[in-house]
Structures are given as C-alpha cells and as structure tokens.
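This report refers to the structure that appears directly beneath it.
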Amino acid sequence: MFGGGGMNPRKMKQMMKQMGIDVTEIDAEEVVVRTDEEDLVFDAPQVTRMDAQGQMTYQIVGEPESVAAGTGGSGSGGQSAIEGGDGTDDEEGGLEIPDDDVHIVAERAGVPEEDAIEALEAEEGDLAAAIARLE
C-alpha cells in the first residue's frame, strides 16, 4: 500500500486511523483517464481510495496503454467504431456506439440491448454513466 520507510504496516494503519484517514482497496478491472489528446487505459490496476477528512483521493498503480482520445476503455480494445465500422449509428447521424459497449452495458445493467443503446446515447457514450442510469 504505502512505503512506510520500514514502519510496521499495522502500526501505519493504526496511525492513519487516529489521524482520520481511511484507506480502501478497490477491486478495479479497468481505469480510463481521458484527456484532450489521449486516453490512458489501465488494465487490472491497483486502485486505492483514501478518505482524509471528507476529501477523497484515488491512487492508480499500473502501466497505462495510451490510445487516441475517445477510443479507450471498457473492452473496446482501443478501436473506435469509426475505425472498426462495427458500431451502432445514432438515428440522427451523430454518435456511433461500438457494439462491444452496447453488450457490456446491457449485460452489466441486465437490460435489453435497445435500452442499453438509448442509455449510451443519452450519456454520450459514457459506459459507467449509462449503467448507472439503467440501475
């Protein structure tokens, strides 16, 4: 978790608790950090959440894969629907949703694919937000 400079991890945890710092390990499958230029995709990262006096801080440990902006995350394999040509077109000709994303949202939320597509379109392709919307 933390390099305590040789300090006993149990003692470190006890000291952090006394200072009001709560540390939680998060079992994350994937983390995507989106920037204007690129997406940083961490597969199977070690994620730690620290709550210090109501302020949440997240630490991500892992080796990211850099992919073009908007193409990374949630099993899409770093390939956009435009490149792969296997996405679902929005009726109005705007957003293309990769089929993989539709399957993931439908499976995780336990809904038909049509509902998953609607949620993804409403959330502009954001998988986590689409799943949250359906749950």
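Quick look at the numbers
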{"read-out": "Förster radius 41 Å - calculated FRET efficiency between MET15 and ALA122 (Cβ-Cβ, nearest 0.05)", "value": "0.35"}
{"read-out": "Solvent-accessible area of GLU113 with every protein chain in place, 1.4 Å probe, in Å² to the nearest 10", "value": "80 Å²"}
{"read-out": "Karplus 3J(HN,Hα) series, Hz, for segment 49-58 with 6.51 cos²θ - 1.76 cosθ + 1.60 (x for Gly, Pro)", "value": "10, 10, 10, 10, 6, x, 9, 8, 10, 10"}
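The values are calculated or read from the model by the stated rules, or taken from the named source; none is laboratory data. In this text, all values refer to a predicted model and were calculated from it rather than measured experimentally. Reconstructed Cβ throughout: ideal geometry from the backbone, glycine too, with neighbour counts over all protein chains shown. Ligands, DNA and RNA are excluded from the accessible area calculation, which covers all protein heavy atoms including side chains. Shrake-Rupley method; radii C 1.70, N 1.55, O 1.52, S 1.80 Å.
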